[in-house]
Structure formats: structure tokens, C-alpha cells
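Here, each number is a calculation from the coordinates, and none is a lab measurement. What you see is a predicted model; the values in this text were computed from it and never measured. Virtual Cβ from ideal backbone geometry, glycine too; neighbours counted across all protein chains shown.
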Amino acid sequence: MKTIQGNLIGSGLRFAIAVSRFNELITGRLLDGAVDVLTRHDVRHQDIEIYWTPGAWELPLIVKELALSGKYDAIVAVGAVIQGDTPHFDYVCAEASKGLSHVSLEQRVPVGFGVLTCSNLEQALVRAGSKAGNKGADAALAALETANLLREARKTTKGEDN
């Protein structure tokens, strides 16, 4: 039985990180976690480009444009949507997650999902580098592994490794 897995070695890979400016207290920490993980796994600083969007709603459009450019092996999307008193939260969360998923599937580029959808600021802070780790770092790690796995899958399906 042959098993194909992605690895966590980022040398030679290029990444874009799309980060929401809204709730920057949180998203700045998520961004720091994503950059830290990528550089710790041998991605050079010059192979990481950061794009700031106004909010999480705009992430899918920017991520799609980045995917269409063909410049990146993977893209990491980070944002933070915190529930308020209106259903606005539900719409933004649903469309941001759905949009990012569509980009990844349609463009065949890994998109690490680092968009927090929290009930309050405390929950977001916990997920942005305290007790629950850093979800930006987790998203970057998943994007890195998926980029490598996709590279291997493409080799295998083209018969290069049979």
C-alpha cells in the first residue's frame, strides 16, 4: 500500500496571507502566528506577501485574485468576526467561509482558513495566541502541508512517481 502525505518543509514555496484589518487587535496576532509558523518551516520572508483587506467579508475576493495570479503555492486567510447584537455576524461568517472554500476548490490552490468566528472578544483573544493556541499559525501550517500534499498528488496523478 502506498501512502502519500504532505510534509511541513516550506523551502521554495511562496505564500500570500490575506488579513482583515477589522478587529486588528486579534488579526494582528493571527498574522504574527502565521508568519512565525511559515518562517520556522523554512519559508523565506521574501516568499511571503501580506495583503490587508478592510474586513472578513472582503477576504474571498482578494484571496481569489491572489489564487488567479498563479504566484502562490498556498494562501492563508486570517480574520476575526465577533458576534454582536444583530444577525450581521451570521451573514459575514457564512459568506466568508463559503467564499474561501469556493476559491480553494475552484482555483485548486490551498487556502488556510484562519478566520475566527467568536461570540465575544475574550474567545477571540484565547484563539489568537493564548490558551487555545494561535489559529493563524494553525491555518498557515495546514496551508503548508496541503501545498506539499497537492504537489505530491499532482506528481502521482501525472505518472511521475509510478
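For this structure, a couple of remarks:
- C-alpha long axis of helix 135-157 to longest principal axis of the chain, angle in °: 30 degrees
- Of all DSSP-defined beta bridges confined to the range 20-146, some 20% are antiparallel rather than parallel.
- Percent of Cα-Cα distances greater than 17 Å, calculated over the range 1-58: 47 percent
- Shown for TRP52, TRP57: other C-beta atoms within 10 Å of each C-beta, ranked fewest to most, produce the order TRP52, TRP57.
- As a calculated quantity, the FRET efficiency between PHE89 and MET1 at R0 = 45 Å, using C-beta atoms, amounts to about 0.50.
- Shape annotation for the range 66-162: C-alpha extents along the principal axes are 55, 28, 21 Å, from largest to smallest.
- With Cα atoms, 0 to 90° folded angle of helix 59-69 axis to the chain main axis: 20 degrees
- Distance from the alpha carbon centroid of the range 77-151 to that of the range 43-63 works out to 12 angstrom.
- The chain: angle of helix 88-107 to the longest principal axis, Cα-based, in degrees nearest 10: 10 degrees
- Ellipsoid semi-axes for the chain, based on the Cα gyration tensor and the rule √(5λ), read 28, 17, 14 Å when sorted largest first.
- With neighbour counts taken as other beta-carbon atoms within 10 Å, the residues SER20, SER11, SER97, SER104 rank, fewest first, as SER11, SER97, SER104, SER20.
- Cα-centre dipole for the range 6-94 with unit charges at Cβ (Lys and Arg positive, Asp and Glu negative), debye to 20: 200 debye
- Sequence-distant residues sharing a close amide H with ILE17 (under 5 Å, placed H): GLU49, ILE50, TYR51, VAL76
- Backbone phi angles across the range 108-119, fed through the Karplus curve with coefficients 6.51, -1.76 and 1.60 (θ = phi - 60°), yield HN-Hα couplings of 6, 10, x, 10, x, 9, x, 9, 6, 10, 10, 6 Hz in residue order; Gly and Pro are listed as x.
- Under 5 Å from the amide H of VAL115 lie the amide H atoms of GLY79, each residue being 5 or more positions distant or on a separate chain, with H modelled from the backbone and absent for Pro and chain starts.
- Here the contact order of the chain, divided by its residue count and restricted to Cα pairs under 8 Å and six or more residues apart, works out to 32 percent.
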